[in-house]
Each structure stands twice: as structure tokens, then as C-alpha cells.
Amino acid sequence: MDWDELLDPLSPLNENTMQEQMRIVNLQDGLIEAAKKLAAENYPTLSKARPAVKKAIDSVIIKHSINMSVDLSNVISGKAEEDDL
């Protein structure tokens, strides 16, 4: 495989990579939505929280959702060992 093939946006390698990236992003979006819903259901006072608190909660949810979706992808695709997680 040469550089032209690797950099070709229509190559099978790039297509598979883009599909996996889309799965990861879709998983992240679902995890973020679910975590926000669970947080709101379990902590009703969040609706009245200061903007700084809401921003901090969003940051935590997003950070962990990104990490979780990448870890799940790695496990499913066989790229991760138990020791890596």
C-alpha cells in the first residue's frame, strides 16, 4: 500500500476508518444524551443550578462519554487488551 492509496479518501481503508469514526460519534451522542437525562432525573435541582455548575457537569459528561465510546470501540474491534482499560 502506497501513500496515494492511504491518502485517497475513497480507499477502502479510509472508508472503514470513517465508518468507525461515525459509529464512535453516534455512540458518544447517545451516551451524552442518556447521561444528561439520568442526571436530570436523579438530581432535579440541576434545572436550577448556576450556569457554571451546568457547564462543569456537561464537561464531565462529555469527557467520560468520549473516553467510554473510544474504549468500547477498541474492545469491540479487538484493538484493546484488558490491561489497556
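The values are calculated or read from the model by the stated rules, or taken from the named source; none is laboratory data. Quick caveat, the model's predicted, so the values are computed rather than measured. All Cβ positions, glycine included, derive from the backbone under ideal geometry; neighbour counts span all protein chains shown. Surface areas here come from the heavy atoms of the whole protein model, side chains and all, with no ligands, DNA or RNA. Shrake-Rupley method; radii C 1.70, N 1.55, O 1.52, S 1.80 Å.
Scanning region 41-51 for residues that are part of a helix (DSSP H, G or I) and either open to solvent by less than 60 Å² (accessible area, probe 1.4 Å) or touching a residue at least 24 places away in the same chain (Cβ under 8 Å) (or both) yields a total of 1. Checked against (1) modelled with pLDDT under 95; (2) surrounded by 11 or more Cβ atoms within 10 Å (Cβ to Cβ); (3) charged (D, E, K, R), Asp29 meets all criteria but (1). Selection of first residues in region 66-80 that are closer than 22 Å to Glu33 by Cα and in contact (Cβ under 8 Å) with a residue 40 or more places away in the chain and of second residues that are outside any helix (DSSP H, G or I) and open to solvent by 80 Å² or more (accessible area, probe 1.4 Å), restricted to Cβ pairs under 8 Å at least 6 apart or on distinct chains, gives the following pairs, ordered by first then second residue: Ser73/Lys79. Of the listed requirements (1) open to solvent by 90 Å² or more (accessible area, probe 1.4 Å); (2) among the basic types (Lys, Arg); (3) at pLDDT 95 or above, Lys54 misses just one: (1). If you check Ser73, Ser65 for being among the hydroxyl-bearing types (Ser, Thr, Tyr) and modelled with pLDDT of 95 or more, only one passes: Ser65.
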